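The values are calculated or read from the model by the stated rules, or taken from the named source; none is laboratory data. Keep in mind that what you see is a predicted model, and the values were worked out from it rather than measured. Neighbour counts are summed over all protein chains in view; Cβ atoms, including those assigned to glycine, are modelled from backbone coordinates with ideal geometry. Ligands, DNA and RNA are stripped out before the accessible areas are found, and what is left, the full protein with its side chains, is counted by its heavy atoms. Shrake-Rupley method; radii C 1.70, N 1.55, O 1.52, S 1.80 Å.
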Amino acid sequence: MTPVILLAADKESAEVTDWAARAGWVVGLALFVALVYWLMREGWKWRGTLQGDLPELPAAPDDPGPARLTMSGRYHGSTTAGQWLDRIVAQGLGTRSRVELTLTDAGVDVVRPGAGDFFIPAGALREAVLGKGIAGKVLTEGGLLVVTWAHGDRLIDSGFRSDHAAEHNEWVAAINSMTKNNTTEGAR
């Protein structure tokens, strides 16, 4: 025989896949992912419990007056004012959603399909700025409309992103013109 044929005859076939071991790894990984998801959910619920002292969100008045500005876009969440990673989840403020904003002389009407609507009274508005991040969502510089408002004894930052980013500057100017007389008394 030639050496090539001998080499081919000496080779053994590849091992057959051990399906039991592979299935064990897949089941173990699935259980680990389920555990992480459960822990994240429990953490979210615990944060809501800790923020349980947040009062009920105000509803829009029956006649808020004519609209000064309107905007459609995304609601990215609310945080404790000045702390863009301290998300507020109580009263549904932690739920990201589509949003329709309407600014009137009475305040800002926040309509969120699939999530709870709320109203920010004009007297509660403190300021509006262009930001780049809130509640773990980071965008380009000036890509986020951040409205600071008082609710109960807290100052809250709420982040909105318009479908048309050019609208943000108009909103900042309009809200800040309304907040000239508002103070941060009673809010921490």
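Return the long-range amide H neighbours of residue 132 (sequence gap of 5 or more, or a different chain), with a cut-off of under 5 Å between placed amide H atoms.
When sequence neighbours closer than 5 places are left aside, the close amide H contacts are 142.
For region 84-126, compute Rg over Rh where Rg is the Cα radius of gyration and Rh is the Kirkwood radius from the inverse mean 1/r over Cα pairs.
Answer for region 84-126: 0.99.
Would you mind computing the Rg to Rh ratio of the chain from its alpha-carbon coordinates, Kirkwood style for Rh?
Result for the chain is an Rg/Rh of 1.37.
Considering the chain as a Gaussian network with a 10 Å cut-off on Cα pairs, which listed residue, 102, 148, 49, attains the greatest mean-square fluctuation?
Most flexible of the set in this elastic network: 49.
Go ahead and set up a Gaussian network model of the chain, Cα springs under 10 Å, then flag whichever of 31, 144, 101 fluctuates most.
31
Between residue 23 and residue 86, what is the spin-label point distance in nm, taking each point 7 Å from the Cα along the Cα→C-beta axis?
Spacing of the two 7 Å Cα→Cβ label points: 5.1 nm.
Please get the size of the charge dipole for the chain, origin at its Cα centre, with Cβ charges of +1 on Lys and Arg and -1 on Asp and Glu, quoted in debye to the nearest 20.
The dipole of the chain has a size of about 220 debye.
Compare the Cα positions of 37, 152, 122 along the charge dipole of the chain (+1 at Cβ of Lys, Arg; -1 at Cβ of Asp, Glu; about the Cα centre) and return the one farthest towards the positive end.
Result: 37, furthest along the dipole toward the positive end.
Ignoring ligands, DNA and RNA, how do 87, 112, 161 rank by accessible area with a 1.4 Å probe, largest first?
161, 87, 112
Do the sum for the chain: with -39,500 (n - 2.57) for every DSSP H run of n ≥ 4, divided by all residues, what is the mean residue ellipticity at 222 nm, to the nearest 500 deg cm²/dmol?
Rounded to the nearest 500, it is -9500 deg cm²/dmol.
Anyone know which of 56, 127, 12 comes out most mobile in the 10 Å Cα GNM of the chain?
12
Would you please give the FRET efficiency between residue 39 and residue 95, computed as 1/(1 + (r/R0)^6) with r the Cβ-Cβ distance and R0 = 30 Å, to the nearest 0.05?
0.90
For the chain, what's the relative contact order in percent, using C-alpha pairs closer than 8 Å and at least 6 residues apart?
That works out to 19 percent.
Got a sec? Charge dipole of the chain, +1 on Cβ for Lys and Arg, -1 for Asp and Glu; which of 113, 103, 166 is way out at the positive end?
Result: 166.
Where the only charges are on Cβ atoms (+1 Lys, Arg; -1 Asp, Glu), what is the dipole of region 50-105 about its Cα centre, to the nearest 20 debye?
400 debye
Suppose accessible area is computed on protein heavy atoms with a 1.4 Å probe; arrange 37, 75 from highest to lowest.
37, 75
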